[in-house]
1. Kindly provide the set of residues from the stretch 124-147 that are open to solvent by 20 Å² or more (accessible area, probe 1.4 Å), within 17 Å of Thr11 (Cβ to Cβ) and part of a helix (DSSP H, G or I), ordered by number.
2. What are the residues in the stretch 282-308 that are surrounded by fewer than 21 Cβ atoms within 10 Å (Cβ to Cβ), outside any helix (DSSP H, G or I) and over 23 Å from the mean Cα position of the chain (by Cα), if any?
3. Quick check on the stretch 148-159. Is at least one of its residues surrounded by fewer than 19 Cβ atoms within 10 Å (Cβ to Cβ), assigned to a helix (DSSP H, G or I) and in contact with a helix residue (DSSP H, G or I) (Cβ under 7 Å, 6 or more places away or on another chain)?
4. Only one residue in Ser193, Ser175, Ser200 is open to solvent by 60 Å² or more (accessible area, probe 1.4 Å), under 17 Å from Gly102 (Cα atoms) and in a helix (DSSP H, G or I), so which one is that?
5. For the stretch 80-100, give me each residue that is β-branched (Val, Ile, Thr) and either on the phi > 0 side of the Ramachandran plot or modelled with pLDDT under 90 (or both).
6. Does Leu333 qualify as being open to solvent by less than 30 Å² (accessible area, probe 1.4 Å), farther than 23 Å from Asp24 by Cα and of a type outside the set (Val, Ile, Thr)?
7. Give me a count of the residues in the stretch 55-80 that are buried (at least 17 other Cβ atoms within 10 Å of the Cβ) and either of a type outside the set (Phe, Trp, Tyr) or in a loop (DSSP other than H, G, I, E, B) (or both).
8. Scan the stretch 25-61 residue by residue and report those that are of a type in the set (D, E, K, R) and within 28 Å of Gly103 (Cα to Cα).
Amino acid sequence: MYYIGIDIGSTASKVAVYDESKNDFIELFMIPTGWSGVEAANRILSMLEEKNINKTNSYFVGTGYGRVSIEYADKTLTEITCHARGANFLFDNLNGTLIDIGGQDTKIIKIKNSKVENFMMNDKCSAGTGRFIELMANSLGCSIPILIEEAQKCTKTDIVISSMCTVFAETEIISLKASGKQKSEIAYAIINSVANKVASLCGKFKDDTYFLTGGLSNFDYLIKDLEKTLGGKVITNKDGQYAGAIGAAIIGLEKNSNNNDTEKTNEKNDNTATDNKQKVLIITFNTTTDVMRAEKTFKNIMTENSRTLGKIVSTPNEISAGCGLSWESEIDLKDYLINILNENEIEYDKSYEINKI
């Protein structure tokens, strides 16, 4: 079974493909969204079908600005939910402030114990977004990468882009060009204005460490500028642009696991139902990242040794702990499984022995 996360953004559409048989993401790719989210979504489906990934063998979760455009999606979710879950996967049990600079908006998400505690979005104005930088780069007749390269050349300038309105900022740039200012100085001022806008959005989410995702997360110069304006460390991941799609795919995996983990392993005897209750081991985890790491580790061992070690299940109702997913196995394997988790530095919450019919 494949779990596909599709994040239809205003500029780019990102896709994450999780292969359940391999317990890992097998592909991450993106295409330009273009003028129509529906066309982008259909293009993605055609590309996947060429790889024998289709609606029959896959579970699709859509997110992003254009998630309603994915007509074949089994489920659609908000960007906040998916970006938080994807960031938790990328940054491993995230605690802190997540910054996602998208094409149309900037999202600031406060995450505690891997769950969204609070958030805010700058979705009414393009200041501080990828679109703002793109338009400013166009004003200088260059691409975003070239704009950032130019900014790095600037060692000193007194130029400040004072307007946060994209239209007025563009007017400022035209005036600066006319006055003979160097391209590198203007580029520096543009990047600095974006960093200042993001820092102002993070005001109520002040932190020592920030996590950056989105299309600009791989530009080192922007990261350094953000660290200066934020006064804290900014951590990124090479796959940060795919955070929303990755989160959507993971949530799809979890939802489908909850629906499918109903197979009965014990036979019932109507006359002696109570006597036939069997105790099973349940190991709970604080985050879905830890559950998935545990599953991958256990399944690798099962493949190598042809030995059954258990399966992922939704946490039983009588246990009010963990992230909602647990590992179910035989009681006799408790010490063995715990040792495997410790050896692989996989954190778990608790272990329980419960009755199961």
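The values are calculated or read from the model by the stated rules, or taken from the named source; none is laboratory data. The shown structure was predicted, so the numbers you read here are calculated from the model rather than taken from an experiment. Every residue, glycine among them, receives a Cβ derived from its backbone with ideal geometry; neighbour counts consider all protein chains shown. Protein only, heavy atoms only, side chains kept; ligands, DNA and RNA dropped before computing areas. Shrake-Rupley method; radii C 1.70, N 1.55, O 1.52, S 1.80 Å.
1. The answer is Arg131, Glu134, Leu135, Asn138, Ile144, Pro145.
2. Ser306, Arg307, Thr308
3. Step one: of the stretch 148-159, the residues surrounded by fewer than 19 Cβ atoms within 10 Å (Cβ to Cβ) are 149, 152-158.
Still in the running and assigned to a helix (DSSP H, G or I): 149, 152-153.
Restricting the remaining residues to those that are in contact with a helix residue (DSSP H, G or I) (Cβ under 7 Å, 6 or more places away or on another chain) gives 152-153.
Checked the stretch 148-159: at least one residue is surrounded by fewer than 19 Cβ atoms within 10 Å (Cβ to Cβ), assigned to a helix (DSSP H, G or I) and in contact with a helix residue (DSSP H, G or I) (Cβ under 7 Å, 6 or more places away or on another chain).
4. On the way: Ser193 fails: open to solvent by 60 Å² or more (accessible area, probe 1.4 Å); Ser175 fails: under 17 Å from Gly102 (Cα atoms).
Going through Ser193, Ser175, Ser200 in turn, just one is open to solvent by 60 Å² or more (accessible area, probe 1.4 Å), under 17 Å from Gly102 (Cα atoms) and in a helix (DSSP H, G or I): Ser200.
5. The initial filter retains those residues of the stretch 80-100 that are β-branched (Val, Ile, Thr), namely 80-81, 97, 99.
Of everything in the stretch 80-100, those that are β-branched (Val, Ile, Thr) and either on the phi > 0 side of the Ramachandran plot or modelled with pLDDT under 90 (or both) turn out to be Ile80, Thr81.
6. Details: open to solvent by less than 30 Å² (accessible area, probe 1.4 Å): yes; farther than 23 Å from Asp24 by Cα: yes; of a type outside the set (Val, Ile, Thr): yes.
Judged against the criteria, Leu333 is a match.
7. Of the stretch 55-80, the ones buried (at least 17 other Cβ atoms within 10 Å of the Cβ) are 58-67, 69-70, 73, 76-77, 79-80.
Remaining after also requiring either of a type outside the set (Phe, Trp, Tyr) or in a loop (DSSP other than H, G, I, E, B) (or both): 58, 61-67, 69-70, 73, 76-77, 79-80.
Of the residues in that region, 15 qualify.
8. Glu27, Glu39, Arg43, Glu49
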